[in-house]
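The numbers here are math on the coordinates, done by the rules we state, and not lab data. Nothing here was measured: the structure is a model prediction, and the numbers come from that model. All Cβ positions, glycine included, derive from the backbone under ideal geometry; neighbour counts span all protein chains shown.
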Amino acid sequence: MQVTWGVRRNSTMTQGRTRTFEKAGVTPGKKLVELRLDDVSGYEIGQEISRPLEKGEMIDATAVSKVRASPVA
């Protein structure tokens, strides 16, 4: 499942990315990510997902760290 959030102007995206949002009929977002789910039957294209997290609820998260290399002396 692809998920987006935020708002982005069409003029700041490639034509391919613009067509992806137009085909789905959703407003372009700042970030587009894919989520692996076992069952997506409970979701529709363009649906807003807004389930709040409960205190103490655990989630899995993955991130990419970018490190600037220091010059070699």
Taking the radius of gyration and the Kirkwood hydrodynamic radius from Cα positions alone, what is the Rg/Rh ratio for the chain, to two decimal places? 1.09
Gained length - THR18 relative to VAL64, 0.36 nm times residue gap less alpha-carbon distance: 14.1 nm
Place a +1 charge on the Cβ of each Lys and Arg in the chain and a -1 charge on the Cβ of each Asp and Glu, then give the dipole magnitude about the Cα centre in debye, rounded to the nearest 20. 640
Candidates GLY16, GLY42, GLY25; GNM for the chain (alpha-carbon contacts under 10 Å) flags as most fluctuating GLY42
Looking only at GLY29, GLY56, GLY46, which one moves most when the chain is put into a Gaussian network model with springs between Cα atoms under 10 Å? GLY56
Figure the gain on full extension for GLN2 and TYR43 (residue separation times 0.36 nm, minus the Cα-Cα span) and round it to one decimal in nm. 13.7 nm
Out of LEU37, VAL7, GLN47, whose Cα points farthest toward the positive end of the dipole of the stretch 1-59 (charges: +1 Lys, Arg; -1 Asp, Glu; placed on Cβ)? VAL7
Label-point separation (nm) for ARG51 and THR27, each offset 7 Å from Cα along Cα-to-Cβ? 2.4
